[in-house]
Amino acid sequence: MGTWDYSVFWKETVSQLKSELSEQEFAMWFNMEYETSGDQSITLSVPSAFYRDQVKQRYQGRIEGKLFDLSGQHIGIDFEVRQRTREEAHKGPSKPVSTHPNETVHAGPKVYSSPRQTGGPIVENHKAERDSHPQLRKDYIFDNFVIGENNSFAANAAIAIAKNPGVAYNPCLIYGGVGLGKTHLMQAIGNLSWQEKGCKIIYITAENFTNEFVEAIKNSTTQNFKNKYRNADMLLIDDIHFLQKKNETQEELFHTFNALYDANKQIIFTCDRPVSELKNLSERLRSRFERGLNVDLQPPSYETRCAILSKKVETRGVHIPQDVINLIAKNISSNVRDLEASLTKLIAYAELTKKPVTLESAQQQLRDTFGSPKQNNVTIETIQKVVAEYFSLSYTDLKGKKRTKAISFPRQLAMFIAREITEYSTTELGMEFGGRDHTTVMHGCQKIEERLKAEPSLESTIQKLTKLIKDYNS
Ligand code: ADP
Ligand code: MG
């Protein structure tokens, strides 16, 4: 041993990369440690297999290039997965504490006020069989979460976090449209960490967090409130978009965040859009949300939708023919919750009538869920045609991509009306309006709402248009 020692080259490589990458990127990925050198190779340890695969993909070539430039030799890198304990992670030499210059960095061990926490890592009762966690749904576990191309990055990151909370990806933000599995994934992390480590987990929606905080102010119990949240080992806050405009709650969450983050406690958020698209959020809280790992959930492909439905059928222990599963998957594309709702409807009907589900009965049962005319026989196409005609625009322009002012306003108005009088989701509407993102639709509707406040006459235009739309087919 000791024949080879390339550690100086490694150190220099790291310091060069540190100056080349953004702070956030460096802090996130350069959480590897030098272990040993071998013949033309360096072994680094990383906290998880997921982490290793990501680092390989992102940086292996670049790191080896640097090692070559520095040493003049072809030095390869090998990875070793070694789950560090929380304590090691605290004091680990490559823990990127110094990479947030704007933060107060405590060089020594973190002083943390929870009595249970003083002087050691949390107690990890591995084998103990635990009752289910009171705030987490029992069925929101990884075993019930189907991984497809739309969510594999998020799901693998989630598993890595659950296995090693507070170490590698902290905080983590999971974002994506309605019904795509954010809550399921977040609670799956909680459930697994709870089962395996028994750490103190708090799950709460941003809405309830706000309500509790308001109650605490009212009853002068804010200190209890603070203690409760700042003593968690893992804090899961669902749907943070709700915090927009809630300034005092944002402030409180900011301090909670800092306390937990400084103590290497895992924090996970979900949001219905990327944080950059949230409005009325303090800059400092935004920067906390954006720190760490941000992963998104996309709508599932047809194959993944079929797999999800099959999984649900299996867990419910019922029989649904494959052609019925395919039928549902074909007709509902943007939201897993809607997929499930169709299935539930069929199962309920079958139980009620004591008849098996067949393709014919399913088609009949789900006709109104599937068919384009969702409500009052109004289709998006009708709305687009009527609005285009009213503003003397072409229908193609209205639903197309042009972004001139003359088109943008009528288009936003059409989106707004579609939101009001149909059941289409913003994702579905986005697709019908030139393949746009659901956030564009939300933004459009928001613009109209703002204008309505300033311009009451717009209300009567909307009413006129709505009437024209409803009368269109008669
Ligand atoms: P969100 O919080 O993003 O609105 P949820 O987590 O509530 O969505 O998910 C909606 C429903 O869809 C839940 O019943 C959940 O179990 C289910 N679901 C979403 N994604 C998946 C998946 N990949 N595999 C299995 N079920 C899923
Ligand atoms: Mg949710």
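The values are calculated or read from the model by the stated rules, or taken from the named source; none is laboratory data. From a predicted model like this one, the values you see are computed outputs, not experimental measurements. Here Cβ is always computed from backbone atoms with ideal geometry, including for glycine, and neighbour counts include all displayed protein chains. In case anyone asks, the SASA skips ligands and DNA or RNA and just uses the protein heavy atoms, side chains included. Shrake-Rupley method; radii C 1.70, N 1.55, O 1.52, S 1.80 Å.
Observations on the structure shown:
- Considering only residues in the range 370-390 that are touching an Asp or Glu at 6+ places or on another chain (Cβ under 6 Å) and buried (at least 16 other Cβ atoms within 10 Å of the Cβ), the one that is modelled with the lowest pLDDT turns out to be Lys374.
- Leading residue by the ranking (nearest to ligand 2 (Cβ to nearest atom)) among those in the range 231-256 that are more than 15 Å from Thr210 (Cα to Cα) and open to solvent by less than 30 Å² (accessible area, probe 1.4 Å): Met234
- Elements of type helices (runs of 4 or more DSSP H) contained in the range 315-394, each with 2 or more residues being more than 25 Å from Leu429 (Cβ to Cβ) and out of contact with any Gly (no Cβ under 9 Å at 6 or more places or on another chain): 322-331, 336-353, 359-365
- Taking (1) buried (at least 17 other Cβ atoms within 10 Å of the Cβ); (2) at pLDDT below 95; (3) out of contact with any strand residue (DSSP E or B) (no Cβ under 7 Å at 6 or more places or on another chain) in turn, Ala128 satisfies each apart from (1).
- Residue check for Leu465: closer than 27 Å to Asp272 by Cβ, of a type in the set (A, V, I, L, M) and open to solvent by less than 70 Å² (accessible area, probe 1.4 Å): no
- Scanning the range 348-374 for residues that are closer than 23 Å to Gln298 by Cα and among the small types (Gly, Ala, Ser) gives a single hit, Ser372.
- Residues that are within 16 Å of ligand 2 (Cβ to nearest atom) and part of a loop (DSSP other than H, G, I, E, B) were ranked within the range 288-299; the one that is most open to solvent (accessible area, probe 1.4 Å) is Gln298.
- Any hit, the range 185-206, residues being in a strand (DSSP E or B), away from ligand 2 (no atom under 13 Å from the Cβ) and either open to solvent by 10 Å² or more (accessible area, probe 1.4 Å) or farther than 12 Å from Phe269 by Cβ (or both): yes
- On the stretch given as the range 151-180, residues that are in contact with a strand residue (DSSP E or B) (Cβ under 8 Å, 6 or more places away or on another chain), within 16 Å of ligand 2 (Cβ to nearest atom) and open to solvent by 20 Å² or more (accessible area, probe 1.4 Å) total 1.
- Scanning the range 136-149 for residues that are open to solvent by less than 40 Å² (accessible area, probe 1.4 Å) and within 8 Å of ligand 1 (Cβ to nearest atom) yields Asn144, Phe145, Val146, Gly148.
- Residue count, the range 1-53 (criterion: assigned to a helix (DSSP H, G or I) and among the aliphatic types (A, V, I, L, M)): 6
- Residues satisfying the stated conditions in the range 440-465, i.e. among the hydroxyl-bearing types (Ser, Thr, Tyr) and at pLDDT 90 or above: Thr440
- Residues of the range 263-287 classified as of a type outside the set (S, T, N, Q), open to solvent by 20 Å² or more (accessible area, probe 1.4 Å) and in a helix (DSSP H, G or I), total: 4
- Residue within the range 207-216 that is touching a strand residue (DSSP E or B) at 6+ places or on another chain (Cβ under 9 Å), more than 15 Å from ligand 1 (Cβ to nearest atom), of a type in the set (D, E, K, R) and in a loop (DSSP other than H, G, I, E, B) present: no
- Filtered residues of the range 328-347 (kept if under 19 Å from Ser301 (Cβ atoms) and open to solvent by 20 Å² or more (accessible area, probe 1.4 Å)): Lys330, Asn331, Ser333, Val336, Arg337, Asp338, Glu340
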